[in-house]
Amino acid sequence: MRWNADMTFSGSTNELSRSGREKSFTVVLMADLDHFKKVNDMYGHLVGDDVLREVARRLLVSVRPYDLVGRFGGEEFLVVLNNCDADSAMDRAEELRQAIAAAPITAASNSISVTMSFGVIASQYWNPASPDEFVRRADAALYAAKDAGRNCCRMATVASCNPPEKS
């Protein structure tokens, strides 16, 4: 994954452009470790860094060679699935979620169980004004997963991407 100087993610720009040209679909997953602050508070930031590295490794070995995985910030990761439609998107997100939760992570002689929540958005149903908007909508779906109790996957919907109107 590449980040531009203005901190926009060029990988999503490239893949969304490609999917439009090739009439294929791109899926973006915004993923966040659940309750990660507790890991840092209980075991320290060095162990937390080890946990993040293992999560990244598990994500990388769980995607296809031409998919993209990158740390988005803090304990958030962005996954770009190329040539993936909405029907497959939730299955893929669920597989990744299970890969993280399947076994505890060993770091500094500690066995640490972690879970991850996923926000999912598929290009076939959305025509965002920009890749950043696409990522924001995936992030909104991630918040829906957090609100649903964490350790789950939620697909971006119009309702999850638009805040309720204030009265």
### Task
Express in nm, to one decimal, how much length is gained between Asn110 and Leu60 on full extension, taking 0.36 nm for each residue of separation and deducting their alpha carbon distance.
15.7 nm
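With 10 angstrom as the radius, rank Phe36, Phe118, Phe134 by how many other C-beta atoms surround their C-beta, starting from the fewest. Could the numbers behind the result be given before it?
Details: Phe36 19, Phe118 27, Phe134 24.
The order, fewest Cβ neighbours first, is Phe36, Phe134, Phe118.
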### Task
Above 20 angstrom, tally the Cα pairs of segment 10-158 and express them as a % of all pairs, no decimals.
45 percent
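Among the chymotrypsin sites (Phe, Trp or Tyr not before Pro) in segment 45-78, which ones are in a DSSP loop with at most 12 other Cβ atoms within 10 Å of the Cβ? Mind listing them?
Of the chymotrypsin sites (Phe, Trp or Tyr not before Pro), the ones in loops of segment 45-78 whose Cβ has at most 12 other Cβ atoms within 10 Å are Tyr66.
Bear in mind these aren't lab numbers, they're just calculated from the coordinates by the rules spelled out. Just so it is clear, the model here is predicted, and its values are computed rather than measured. Here Cβ is always computed from backbone atoms with ideal geometry, including for glycine, and neighbour counts include all displayed protein chains.
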